[in-house]
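Worksheet: one structure, shown below.
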Amino acid sequence: MPRGLLTVMAGLLLSGCVQTATPASFFELSPDSARNKALQTRLFETTNEKELLSASAAVLQDLGFQIEESDVGVGMLRAAKERSARQAGQEILQGLILALGLLGQQVILMPVDLHQQIGAVLATHRDEQAPTRFMVRILFYRTVWKGDGESGRQYIPPGQQWMEVINDQDIYRQFFAKLSKGLFLEAQQI
């Protein structure tokens, strides 16, 4: 298995995922797997992996991430940023449920998204066909915590924290465009 893929998988496992049970379908490839890999991967003409990782870290920091872990020897970066996960639709639904409660109906408050951490795991791997090229693969994901939406208290009962991979083309396109520009500027020493 390629070193970069192992690094990405290890980063995801170490990123704080709380679930202990692995569903049977976890290791099955989805029909979108090839498309997602193409979205998350680019080749760059460079012989300097350290410079590539440095430029990648700078792009992630420009996008608001904090670098949490970096290992040049393995060719890996892990970064994260914290954001609110509140959504207007959930707030409106919660308000309607509370209004029903005021009318004498027995209601159960639904958990709402409170907080999220957006993470990124990046791995580099030398292209075996061309030693002057490196493959960069980045995976963006988010972990969301839910709460009762009323008191603002955050709680994490079983199943109330979840993680998902972000497959938005614009995020990946933006990252790789900035990385290309950063590498060009470093190569020109600008």
Selection count where residues are in a strand (DSSP E or B) and either modelled with pLDDT of 90 or more or closer than 17 Å to ALA57 by Cα (or both), scope region 133-187: 9
Count - residues of region 22-37 that are among the hydroxyl-bearing types (Ser, Thr, Tyr), in a helix (DSSP H, G or I) and either under 24 Å from GLN169 (Cβ atoms) or at pLDDT 90 or above (or both): 1
Exclusive hit being modelled with pLDDT under 90 and among the polar types (S, T, N, Q), set GLN40, GLN61, GLN66, GLN87: GLN87
Boolean, ILE190 is closer than 20 Å to ALA57 by Cα and modelled with pLDDT under 65: yes
Residues (touching a residue at least 24 places away in the same chain (Cβ under 8 Å) and surrounded by fewer than 17 Cβ atoms within 10 Å (Cβ to Cβ)) located in region 59-68: ASP62, LEU63
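The values are calculated or read from the model by the stated rules, or taken from the named source; none is laboratory data. Since we're looking at a predicted model, the values are computed, not measured. Here the Cβ is made from the backbone with ideal geometry for all residues, glycine too, and neighbour counts use every protein chain on show.
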